[in-house]
Amino acid sequence: MKKPLVIAIDGPAGAGKSTVARALASRLGLDYVDSGATYRAAALKVIESGISPDDEEAVSRLLAGADIQLDTAAVPPRVLLDGRDVTEKLRAPEVTLAAAKVSRLASVRAKLVDFQRSLASGDGVVMEGRDIGTVVFPDAPLKIFLEADPEERARRRWKQEESEGRNPSLEQTAYEIGRRDQLDAERKISPLLAAPDARRIDSTHLTAEEVVERIVGLARERGLIDGSEAGRTPDGGGSSSPRPAG
Ligand code: DC
């Protein structure tokens with residue numbers, strides 16, 4: 001049986017990872033996994049439990065018992081927390097901030113990284129996040145580090161917020177993105193970092209389709225997909241037997 005193909009897409013908030021990863025997965029017939037959603041679900045549990053996201057011990061204890069699942073077959077994918085569909089709650093600003101905090105904790109990361117590894121099955125997965133190419137799947141045969149200028153990232157995130165019915169100002173969005181960049185880049189465990197073997201793509205002046213085209217081109221060059229690109233090559237260069245966390 002062939003190994004699942006893993007395409008890792010990492011980068012800062014607002015660089016276009018979700019749009020690109022989703023379109024790429026659909027084009028290649030792979031599952032799409034938003035690893036950030038698992039940190040957001042963990043953060044939601046912390047908020048709903050009434051404990052402070054800054055109370056590391058209480059957060060670790062609480063989340064040790066959390067049941068977080070992704071239904072990747074659903075379109076769009078659904079996130080289940082302790083059996084409850086919480087997808088619609090995960091993008092609230094307080095969840096965003098708490099997710100940046102709980103994702104700093106080693107115990108939380110170890111649990112969620114294990115879970116994320118378990119999601120590479122079938123033909124394979126396009127997984128987006130911050131540490132997919134460095135920690136979750138260090139052997140992934142194709143790693144992309146997607147970047148864009150901070151102003152452009154703020155503008156895109158602002159448009160996304162608006163389309164989802166929230167109306168922050170552009171300044172507020174830019175401030176929050178800057179704050180998250182800082183939290184993500186400065187945390188001790190798995191900070192946001194390009195893997196040495198990642199291909200950097202700056203999406204500032206590219207459409208999502210153009211970025212997807214480039215990644216499909218790279219996958220083809222590496223023999224990961226066949227010419228018709230409807231699927232993988234038979235031996236696919238797939239990667240990443242799950243490794244133990246830690
Ligand atoms: O991608 P996102 O905005 O939904 O991520 C939510 C938070 O989770 C963000 O602060 C970064 C963190 N995260 C992480 O630490 N590692 C990942 N692989 C994905 C997200």
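Computed on the chain, with alpha-carbon pairs under 8 angstrom and 6+ residues apart, the relative contact order is 33 percent. Which entries in LYS143/LYS188; LYS17/LYS101; LYS17/LYS89; LYS2/LYS188; LYS101/LYS159; LYS89/LYS188 show an alpha-carbon gap greater than 31 Å? Too far apart for the 31 Å limit: LYS2/LYS188. With R₀ fixed at 22 Å, the C-beta to C-beta distance from ARG61 to ILE189 puts the FRET efficiency at about 0.75.
Does segment 122-165 classify as rounded, prolate or oblate by the C-alpha gyration tensor (a ≥ b ≥ c root eigenvalues; a/c under 1.5 gives rounded; else a/b over b/c gives prolate, otherwise oblate)? Cα axes put segment 122-165 in the prolate bin. Under a model in which nothing but the beta-carbon of Lys, Arg (+1) and Asp, Glu (-1) is charged, segment 1-52 shows a dipole of about 200 debye around its Cα centre. Largest first, the residues ASP202, ASP10 sort by 1.4 Å accessible area into ASP202, ASP10. Carbon-plus-sulfur accessible fraction, segment 42-153 (probe radius 1.4 Å, protein heavy atoms only): 51%. Given axes a ≥ b ≥ c from the Cα gyration tensor, I'd like to know whether segment 102-194 is rounded (a/c under 1.5), prolate (a/b larger than b/c) or oblate. Here segment 102-194 falls in the prolate category.
Annotation: for a label point projected 7 angstrom from Cα along Cα→Cβ of GLU209, residues of segment 1-44 with backbone N closer than 17 Å are 19-28. Take every pair of alpha-carbon atoms less than 8 Å apart whose residues are at least six positions apart; their mean separation over the length of segment 1-138 yields a relative contact order of 44 percent.
Per Stokes-Einstein, at 4 °C and 1.567 mPa s, what whole-number D in µm² s⁻¹ belongs to segment 1-119, with the Kirkwood radius over Cα pairs as the hydrodynamic radius?
87 µm²/s
Checking the a/c ratio against 1.5 first, then a/b against b/c, what shape does the Cα gyration tensor give for segment 45-170? Verdict is rounded for segment 45-170. A Gaussian network model of the chain, with springs between Cα atoms under 10 Å, assigns the largest mean-square fluctuation among LEU206, LEU24, LEU97 to LEU206. Only protein heavy atoms count here; under a 1.4 Å probe, ARG22 has an accessible surface of about 110 Å². A DSSP coil position with no more than 10 other Cβ atoms inside 10 Å describes the following trypsin sites (Lys or Arg not before Pro) in segment 188-217: LYS188. For TYR39, the solvent-accessible surface with a 1.4 Å probe is about 20 Å², rounded to the nearest 10.
For the chain, what does the helix formula give at 222 nm: sum of -39500 (n - 2.57) over DSSP H segments with n ≥ 4, over the residue count, nearest 500 deg cm²/dmol?
Calculated mean residue ellipticity at 222 nm is -13500 deg cm²/dmol.
A 1.4 Å probe run over the protein chains yields, for the chain, 47 Å² of accessible area per residue, whole-number rounding. Could you pull out which residues in segment 37-79 have an amide N less than 14 Å from a spot 7 Å beyond the Cα of ASP85, following the Cα-Cβ vector? From segment 37-79, the list is 70-79.
Please determine, in degrees from 0 to 90 and to the nearest 10, the orientation of helix 35-49 with respect to the longest principal axis defined by the Cα atoms of the chain, where the helix direction is its Cα long axis. Taking Cα atoms only, the helix is inclined about 20 degrees. The value given for the chain is a Kirkwood hydrodynamic radius of 18.2 Å, derived from the mean inverse Cα-Cα separation.
The values are calculated or read from the model by the stated rules, or taken from the named source; none is laboratory data. Computed from a predicted model, the values in this text were never measured in an experiment. Cβ: placed from backbone, ideal geometry, glycine included. Neighbour counts: every protein chain shown. In case anyone asks, the SASA skips ligands and DNA or RNA and just uses the protein heavy atoms, side chains included. Shrake-Rupley method; radii C 1.70, N 1.55, O 1.52, S 1.80 Å.
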